[in-house]
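Read the structure below first, then the notes.
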Amino acid sequence: MNESRRLFIGGAWEAPSGDERLEVISPHTEKPIAAVAAAAPADVDRAVAAARLAQDEGAWPRLDPAERIEAVRRLTELYRPRRREIAQLITSEMGSPISFSKFSQATLPMMVLDAFADIAASFPWEEVRPGVFGQDLLVRRESGGVVAAIVPWNVPLYLVAGKLAPALLAGCSIVVKPAPETPLDSLLFAELIEEAGLPPGIVSILPGDGSVGEALVNHPGVDRVSFTGSTAVGRRIAAACGASLKKVSLELGGKSAAIVLDDADPATVAAGVKVAGLMNNGQACVAQTRILVPAARHDEFLDALAAMVEGLVVGDPEDPATEIGPLVARRQQDRVRSYIEDGGREGARLVVGGTDQPSGVGCGWYVRPTLFADVDNRMKIAREEIFGPVLSVIPYRDDEEAIRIANDSDYGLSGSVWTADGARGLAVARRVRSGSFGINQPYSMDPAAPFGGVKASGIGRELGREGLEAYVDYKAISGAPRTEPAHHAD
Ligand code: NDP
């Protein structure tokens with residue numbers, strides 16, 4: 001079993017202040033695979049003090065942006081050859097099928113680092129604007145200070161990369177708190193950060209439980225908080241940031257709809273929903289778990305979806321053939337199974353799946369891929385984020401009703417439309433209230449575009465140019481001498 005007794009504080013490996021440890025347990029075997037030092041609130045003080053010092057007295061926030069871009073590119077190059085190892089590590093920690101981990105868990109974070117370095121290279125760090133008083137103004141984008149980044153376990157390193165890369169490029173220092181289920185990938189990443197040779201104080205990685213997250217959020221030395229996770233915790237964090245007037249960005253839950261139009265092909269829809277609704281064992285904030293099908297062709301689409309769900313390969317996530325692995329923890333298995341019970345109680349028709357262990361699987365936190373039909377959008381299974389392999393088919397009469405049902409949700413994160421007519425699909429896409437959308441595909445998650453939600457799905461945007469804007473503070477200067485502004489970093 002792997003053991004790690006140190007914390008990465010301000011760029012150096014330090015002894016933790018307490019002797020608490022986090023055990024990482026394989027969701028497939030239910031056996032421990034590693035133990036790591038758990039941070040305590042006193043370690044938060046040390047990390048924030050180092051981050052503060054680097055901001056207030058260090059060179060990092062005031063470097064030419066080109067030098068920070070160079071540092072992120074060095075990190076990317078150190079990351080590149082480690083992708084296979086990272087994919088395996090994340091699969092072992094949280095149960096993503098290895099076929100999913102290779103790209104989404106391991107390669108995508110590297111693409112995020114790369115994309116942000118490109119965005120920073122053409123970012124208007126300084127611009128001159130004509131003022132209405134007849135005088136030009138110099139508008140600067142400066143470091144946003146000390147960042148607390150709190151991430152969940154579902155796509156752990158991808159989420160760290162989406163916060164760490166723009167924070168570093170903007171000149172911030174950052175303290176990352178990975179989820180207790182998935183500290184190992186962040187600690188491996190810390191080794192790469194150390195190798196990349198960032199100045200002291202810029203990055204800390206503190207595996208720990210919610211108390212570490214809370215200490216970070218409430219710390220007076222932290223300027224902004226970037227959180228990804230449940231809407232319930234997001235609300236608490238937003239309230240704490242409101243009280244202390246910290247800037248906050250929240251990427252929270254979803255209950256997205258896949259709208260199947262009456263001209264769509266059932267086999268294409270089933271193959272698309274397999275990814276859109278069930279990727280990462282259904283543990284994705286963008287999962288499209290409400291499948292809206294036209295009443296006139298209901299049975300055709302339901303049959304295709306049922307055959308797809310029935311045929312999913314469930315089992316050992318390290319097997320390349322596996323499509324659905326175990327959920328991250330027993331509490332998630334229990335939670336998802338209780339939603340399946342709720343669905344039956346509320347009158348939805350169980351077509352495939354259920355609450356028993358999938359056949360051929362002994363131990364492990366598995367849930368049978370499950371499909372409900374005759375779901376009413378008012379049912380709990382249609383309103384709440386389940387975060388497991390459970391799909392609900394909801395019939396509708398016409399396109400107007402489909403759009404109304406899609407929008408009748410507390411959330412607004414993603415969605416898709418499936419149709420033989422792209423223009424008709426785009427017309428639907430324009431009317432769904434969500435932060436992202438795909439036409440005949442799940443939303444692509446391209447790091448060049450802003451990502452985030454409306455309504456209870458969050459506040460703010462990550463990725464794209466907007467994702468870098470989230471880590472800068474603006475400064476307007478009047479009366480500046482006419483010198484060439486540093487428009488671009490390169
Ligand atoms: P949480 O939102 O509880 O946890 C996410 C992260 O926040 C973890 O690192 C957690 O640490 C930390 N945290 C918890 N409480 C606080 C706090 N008060 N202040 C600061 N940080 C805190 O997610 P769960 O893992 O409990 O999952 C529960 C449900 O949330 C899922 O079933 C799913 O519906 C949803 N979820 C949505 C995600 C998304 O991407 N939209 C991602 C993950 C979950 P700790 O675990 O130690 O409490």
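Could you work out what % of the accessible surface of segment 6-69 is carbon and sulfur, using a 1.4 angstrom probe and leaving DNA, RNA and ligands out of the count? Here it works out to 52 percent. The charge dipole of the chain, taken about its Cα centre with unit charges on the Cβ atoms of Lys, Arg (+1), Asp and Glu (-1) only, comes to about 820 debye. Computed over every Cα-Cα pair of the chain and binned at 20 Å starting from 0, the pair-distance distribution P(r) comes out as 24, 53, 21, 1 percent. DSSP beta bridges in the chain, what fraction antiparallel, as a percent rounded to 5? If I count the DSSP bridges inside the chain, around 45 percent turn out antiparallel.
Protein heavy-atom surface of segment 153-268, 1.4 angstrom probe: 58% of the accessible area is carbon and sulfur, with nucleic acids and ligands not counted.
When both segment 75-142 and segment 151-229 are represented by their alpha-carbon centers, they are found 14 Å apart.
Taking 0.36 nm per residue of separation and subtracting the current Cα-Cα distance, fully stretching the chain between ARG80 and ARG482 would add 140.4 nm. A simple spin-label model places the labels of LEU192 and VAL454 3.5 nm from each other, with each point 7 Å out along Cα-to-Cβ. So how tilted is helix 108-121 from the main axis of the chain? Cα-based, degrees 0 to 90, rounded to 10. It works out to around 40 degrees. On full extension, the segment bounded by LEU245 and THR268 gains 3.5 nm, given 0.36 nm per residue less the C-alpha separation.
Ligands, DNA and RNA excluded, the heavy atoms of HIS28 present near 50 Å² of accessible surface to a 1.4 Å solvent probe. Taking every protein chain into account, the accessible area of segment 321-379 amounts to 42 square angstrom per residue (probe 1.4 Å).
Cross-link pairs exceeding 19 Å between alpha carbons, from the set LYS274/LYS455; LYS177/LYS247; LYS177/LYS246; LYS255/LYS455: LYS274/LYS455.
Selection among VAL328, GLY362, ALA304 by position relative to the dipole of segment 273-404 gives VAL328 as farthest towards the positive end (Cβ unit charges, Cα centre). Expressed per residue, the C-alpha convex hull volume of segment 381-490 stands at 182 Å³. Here segment 402-490 exposes an accessible surface that is 52 percent carbon and sulfur, computed with a 1.4 Å probe and the other protein chains kept in place.
Once the Cα atoms of helix 330-345 and of the chain are each reduced to a long axis, what angle between those two axes, in degrees from 0 to 90 to the nearest 10, is obtained? Around 40 degrees separate the two axes.
Rounded to the nearest 500, the helix-only mean residue ellipticity at 222 nm of the chain stands at -11500 deg cm²/dmol, with each DSSP H run of n ≥ 4 adding -39,500 (n - 2.57). In this structure GLU318 has an accessible area near 110 Å², from a 1.4 Å probe over the protein heavy atoms. Length available on full extension from GLU70 to ALA15: 0.36 nm per residue minus the Cα-Cα distance, which gives 16.8 nm.
Solvent-accessible surface of segment 49-159, averaged per residue with a 1.4 angstrom probe and all protein chains in place: 40 square angstrom. Along the axis of the charge dipole computed for the chain (Cβ charges of +1 for Lys and Arg, -1 for Asp and Glu, origin at the Cα centre), the listed residues GLY95, ALA47, VAL351 are led at the positive end by ALA47.
The values are calculated or read from the model by the stated rules, or taken from the named source; none is laboratory data. No experiment lies behind these values; they were computed from the predicted model shown. Heads up, the Cβs are rebuilt from the backbone with ideal geometry, glycines too, and the neighbour counts pull from every protein chain shown. Accessible surface areas use protein heavy atoms only, side chains included; no ligands, DNA or RNA. Shrake-Rupley method; radii C 1.70, N 1.55, O 1.52, S 1.80 Å.
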